[in-house]
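Scroll down for the structure; my scribbles are underneath it.
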Amino acid sequence: MFRMDTNGDDQEMWAQLMATPTAKLIEAQKRAEKFTEEREVHKACKELMQCTVLTRIIYGNQHWRLAEALANLAHSYLILQGLPSQAIHHTNSAKYILLFLRGDTSPASSEEKGTILSTLVTIYYTLGMANLMQKEYPCQWPEQRSCAPTGTLDADDVELATPTQASLQKNELDLASKYFEKAVDDLISAEGDVAPELIPLYQEIAKIKQMKKIYEKSISYALQAHSVSLALYQKFSPEVGSAALFLGKAYAATGEEKHPEAAERYFNESLVAYKEALRMDHPQTISALKVFSKWLGQIGKRKQAYELLKESFKTQQNPCSDFNKQAAERLYIMGYICLAEEKIREAYQLLSKCVQIQIAIYGSHHKKTKKIQELLVMMNMLPAEQKLTKCLKQNKKAALICSIPDL
């Protein structure tokens with residue numbers, strides 16, 4: 001009988017060559033999951049393409065398993081590579097397969113039906129996000145979109161060049177909203193109205209309504225996301241903190257006089273939830289604090305914003321938290337608040353401390369460091385504090401509003 005004398009590497013290669021397509025598919029799925037978690041973008045997409053090929057070989061061109069593989073591939077193109085055109089192409093292929101399932105390829109068990117539902121949600125979510133991305137980057141080819149958008153879009157970001165372009169982008173927003181709403185309907189019909197996957201879907205629809213300046217509907221969807229979060233998670237949890245922060249932003253975005261009270265309530269709820277769940281020095285807590293304090297400055301509550309920021313240094317657990325990125329950002333906001341309050345000497349001290357931390361973290365040539373250094377140089381060049389005070393008093397709007405640019 002023939003025997004092959006091989007070392008370990010040869011045996012592994014031989015095993016891979018002799019493996020069945022099903023075994024190869026299982027291994028490819030494991031590698032795809034691993035590379036996705038490690039943010040190895042191209043490797044993950046390569047493995048998902050391999051999964052699609054192997055699924056086609058095993059199940060054929062009309063099986064729901066192929067729709068699942070295509071939906072996962074489309075989602076990876078969108079989320080990992082920021083390529084909406086490719087995502088839409090593969091998603092539509094997956095949707096077509098599910099629409100025309102034959103009797104011999106239909107799901108046989110409740111578990112398989114659940115997988116198909118999950119695939120449908122992935123399809124509609126991907127189509128919705130892809131249309132949003134095409135709206136955000138209307139004049140770029142797919143290859144130019146090197147990363148997916150963050151999703152933090154303000155209503156003022158919608159600047160349209162021509163009526164034709166405006167009509168096209170409105171259609172893309174409407175289409176995105178339609179896909180998200182379809183995903184919501186499918187989820188509710190299968191899992192009820194408190195499924196955790198509903199939260200990001202409601203929030204994406206809220207963003208679209210905000211971009212179209214339909215603020216009341218935006219708030220309505222943000223409220224639904226918040227309600228689902230409260231039903232699923234503890235009051236003091238990061239999930240509730242995130243949903244409350246999103247809702248506070250929705251109220252704040254309207255710019256209407258009737259909404260500041262609600263915005264402040266939900267910003268405060270978010271901050272408390274994060275502090276109780278994660279402590280004061282956690283990046284998510286600091287991020288919520290920054291959003292809240294900046295907004296307070298914008299509506300004229302500078303003293304309240306300053307006290308919140310100052311208190312955050314006293315209540316944090318880790319003494320080293322006074323010398324990190326989050327500390328620098330808080331000192332920066334406090335410095336700008338002092339400038340608006342005409343407390344020039346205090347502003348200079350806070351910004352000087354901020355720049356010391358930035359030099360330690362980023363180096364002296366980083367753009368963030370240079371930005372504060374330039375501001376400090378300008379403050380030093382002023383002939384007298386009284387002149388700056390006089391200049392600030394001449395600008396009545398500056399006396400009421402503290403607009404703090406991003407660091």
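Quick check: is even one residue across the range 248-261 among the polar types (S, T, N, Q) and at pLDDT 95 or above? Checking the range 248-261: not a single residue is among the polar types (S, T, N, Q) and at pLDDT 95 or above.
How many residues are in a loop (DSSP other than H, G, I, E, B) and open to solvent by 70 Å² or more (accessible area, probe 1.4 Å) if we restrict to the range 35-87?
Just the residues of the range 35-87 that are in a loop (DSSP other than H, G, I, E, B), to begin with: 38-40, 60-63, 80-83.
Remaining after also requiring open to solvent by 70 Å² or more (accessible area, probe 1.4 Å): 38-40, 61.
Of the residues in the range 35-87, 4 are in a loop (DSSP other than H, G, I, E, B) and open to solvent by 70 Å² or more (accessible area, probe 1.4 Å).
Restricting attention to the range 225-267, the residues being touching a helix residue (DSSP H, G or I) at 6+ places or on another chain (Cβ under 8 Å) and either in contact (Cβ under 8 Å) with a residue 60 or more places away in the chain or not in a helix (DSSP H, G or I) (or both) number 9.
Restricting the search to the range 322-349, which residues are charged (D, E, K, R) and under 16 Å from D406 (Cβ atoms)?
K325, E329, R330
Any residue that is part of a loop (DSSP other than H, G, I, E, B) and either touching a strand residue (DSSP E or B) at 6+ places or on another chain (Cβ under 7 Å) or open to solvent by 10 Å² or more (accessible area, probe 1.4 Å) (or both) - is there at least one of those in the range 20-32? Scanning the range 20-32, I find at least one residue that is part of a loop (DSSP other than H, G, I, E, B) and either touching a strand residue (DSSP E or B) at 6+ places or on another chain (Cβ under 7 Å) or open to solvent by 10 Å² or more (accessible area, probe 1.4 Å) (or both), so the answer is yes. In the set A222, A288, only one residue is in contact with a Leu (Cβ under 6 Å, 6 or more places away or on another chain) and free of Cβ contacts under 8 Å to residues at least 40 places away in the same chain; that residue is A222.
Results for (1) open to solvent by 70 Å² or more (accessible area, probe 1.4 Å); (2) charged (D, E, K, R); (3) under 20 Å from Y336 (Cα atoms), shown as yes or no for each residue.
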{"residue": "T254", "(1), (2), (3)": "no, no, no"}
{"residue": "H259", "(1), (2), (3)": "no, no, no"}
{"residue": "A262", "(1), (2), (3)": "no, no, no"}
{"residue": "E269", "(1), (2), (3)": "no, yes, no"}
{"residue": "L289", "(1), (2), (3)": "no, no, yes"}
{"residue": "F313", "(1), (2), (3)": "no, no, yes"}
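The values are calculated or read from the model by the stated rules, or taken from the named source; none is laboratory data. Keep in mind the model is a prediction, meaning the values are calculated, not measured. We place every Cβ from the backbone using ideal geometry, glycine too, and count neighbours over all the protein chains shown. The protein model used for the area step is the full one, side chains on, heavy atoms only, and it has no ligands, DNA or RNA in it. Shrake-Rupley method; radii C 1.70, N 1.55, O 1.52, S 1.80 Å.
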